[in-house]
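The values are calculated or read from the model by the stated rules, or taken from the named source; none is laboratory data. This structure is a prediction, so every number in the text was calculated from the model and none was measured. No Cβ is skipped: glycine too gets one built from the backbone with ideal geometry, and neighbour counts run over all protein chains shown.
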Amino acid sequence: MLDKYGIAKRIAQELQDGYYVNLGIGIPTLVANYIPEGLDVVLQSENGLLGIGPFPIEGNEDADLINAGKQTITTTKGSAFFDSATSFGMIRSGRVDLTVLGAMEVSDNGDIANWKIPGKMVKGMGGAMDLVASAKNIIVAMNHTNRAGESKLLSKCSLPITGLNCVKKVVTNLGVFEITERGFELKEIAPDVTIDEVKNATAGRLIVEGDIPVIEV
Amino acid sequence: MNKIYANAEEAIKDIQNNSTIMLGGFGLCGIPENCIAALVKQGTTGLTCISNNAGVDDFGIGLLLQTKQVKKMISSYVGENAEFERQLLQGELEVELLPQGTLATRCMATGYGMPAIFTPAGVGTEVAEGKETREFDGKTYLMEHAFKSDFALVKAWKGDTQGNLIFKATARNFNPLMAMAGKITIAEVEEIVPAGELDPDMIHTPGIYVNRIFKGEGYEKRIEQVTTRPKV
């Protein structure tokens, strides 16, 4: 089984030279730590920065320089600042190559729910609805089941939707799944996980065909 | 032309109860701290606030929530504020949640003199309920109207006596968009200089959009998540 770092490492393998990438809060943020050496990848922060650098050295925090998770950060060589409309302009017009998001639920046709639990949690969608409506490639990083042990890979989302038919791939602690017309297609399986375990943990349509390679991270 | 005001109290004095105000900032970054403090002091109530976030319990817009001065929030993300969540779940506060890009672009539309925008964000979700949709090249878009507001309260790094503004780093965020969108725009700045001292090539917000400007005092610039790496 993968832990959150394993999930992030596996997603980092999807990065390509020259990619502009938006990483959501939580596991997605960890992907930044595993960018393969030699690749020029530019991270976008939707609050107005291209080129997110590492956390500042202790004592050098700048309140005017944060990421979308409100954490203090730094710039990198070639960074640029811009306003929020420009930020979502580059997202909406398809300039961002890859978006990695967390989710509460994903359906087997690529719908995603990650912003609201009616009557319980009211946090808001932030930039997620803009991102899922426009990004060319959306990968969801999440645990396969919720805290109650229920599947988060469903035939239909039960929570309010963030976007329709938009998720292309899901990487969970159990495996890598591509969303196809036939449902969640298992492409790779996590170490020490059986196909039956994946089947039991997946409520939506699951396709398992041929030899399934084990994830290498 | 005199746009210079002595302080926040003078600049916001005519904000009436039940006004709609825009407040710049992302989280606590680039928020109009002085204007918020002055609104708390003035006790203006029934406010509709258009702002990406709602501050934290004891800072930013959270201060206006504590004193129950806010009737309605129009925001994209309000997750850092327990008092907000409490008032909302108790039905004491109205809230309209919008995608962040929609929020930004509705401000932009106002400043550009355009009545509405079409965006794919929110299609097929709760956000789309009751809104007109239209298809362009086979894709569905929501029509979202430009915002109408009485005042925009923004925070800039530097400004001049003409009202020209320059923002710093990610404290820019919604500020220049809201500056363009207020019926009356009030800018608080860390430094105010005579006209001519700012390089015209470096101006983010041209002074025509700014009605009032004052030098803010005592910026706390609170950080929500201090994240660092150790000194080697």
Identify the residue in segment A:182-205 that is free of Cβ contacts under 8 Å to residues at least 24 places away in the same chain and closer than 24 Å to A:Lys9 by Cβ and, among all such residues, is surrounded by the most Cβ atoms within 10 Å (Cβ to Cβ). A:Glu197
Among the residues of segment A:143-160, is there at least one that is within 13 Å of the chain's Cα centre (by Cα) and farther than 19 Å from B:Ala121 by Cβ? yes
Residues being within 8 Å of chain A (Cβ to nearest Cβ), buried (at least 24 other Cβ atoms within 10 Å of the Cβ) and outside any helix (DSSP H, G or I) - total across segment B:168-184: 3
Can you name the residue in segment B:185-196 that is within 14 Å of another protein chain (Cβ to nearest Cβ) and out of contact with any Leu (no Cβ under 9 Å at 6 or more places or on another chain) and, of all such residues, is surrounded by the fewest Cβ atoms within 10 Å (Cβ to Cβ)? B:Glu191
Somewhere in segment A:63-70, is a residue touching a residue at least 40 places away in the same chain (Cβ under 8 Å), at the interface with another protein chain (Cβ under 9 Å from one of its Cβ atoms) and touching a helix residue (DSSP H, G or I) at 6+ places or on another chain (Cβ under 8 Å)? yes
Can you tell me which residue is nearest to A:Ser87 (Cα to Cα) among those in segment A:51-61 that are more than 7 Å from chain B (Cβ to nearest Cβ) and part of a loop (DSSP other than H, G, I, E, B)? A:Gly53
Please determine, by comparing only the residues of segment A:122-142 that are in contact (Cβ under 8 Å) with a residue 12 or more places away in the chain and out of contact with any helix residue (DSSP H, G or I) (no Cβ under 8 Å at 6 or more places or on another chain), which one is surrounded by the fewest Cβ atoms within 10 Å (Cβ to Cβ). A:Lys136
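So that you can scan it fast, the table gives a plain yes or no per residue for (1) part of a loop (DSSP other than H, G, I, E, B); (2) buried (at least 19 other Cβ atoms within 10 Å of the Cβ); (3) among the aromatic types (Phe, Trp, Tyr):
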{"position": "A:Thr29", "(1), (2), (3)": "no, yes, no"}
{"position": "A:Glu37", "(1), (2), (3)": "yes, no, no"}
{"position": "A:Lys77", "(1), (2), (3)": "no, no, no"}
{"position": "A:Ser87", "(1), (2), (3)": "no, yes, no"}
{"position": "A:Gly94", "(1), (2), (3)": "yes, no, no"}
{"position": "A:Thr99", "(1), (2), (3)": "no, yes, no"}
Looking at segment B:71-92 only, could you name the residues that are crowded, with 19+ Cβ neighbours inside 10 Å and either touching a residue at least 60 places away in the same chain (Cβ under 8 Å) or closer than 24 Å to B:Lys183 by Cβ (or both)? B:Met73, B:Ile74, B:Ser75, B:Ser76, B:Glu80
Selection from segment A:71-113 of residues touching a residue at least 24 places away in the same chain (Cβ under 8 Å) and touching a Ser or Thr at 6+ places or on another chain (Cβ under 7 Å) yields A:Phe81, A:Phe88, A:Ile91, A:Arg92, A:Gly94, A:Glu105, A:Ser107, A:Asp108, A:Ile112, A:Ala113
Determine which single condition A:Ala148 fails, assuming it passes every other condition in (1) farther than 16 Å from B:Gly79 by Cα; (2) in contact (Cβ under 8 Å) with a residue 12 or more places away in the chain. (2)
Over segment A:4-25, the set of residues of a type in the set (Gly, Ala, Ser), at pLDDT 95 or above and more than 11 Å from A:Val42 (Cβ to Cβ) is A:Gly6, A:Ala8, A:Ala12
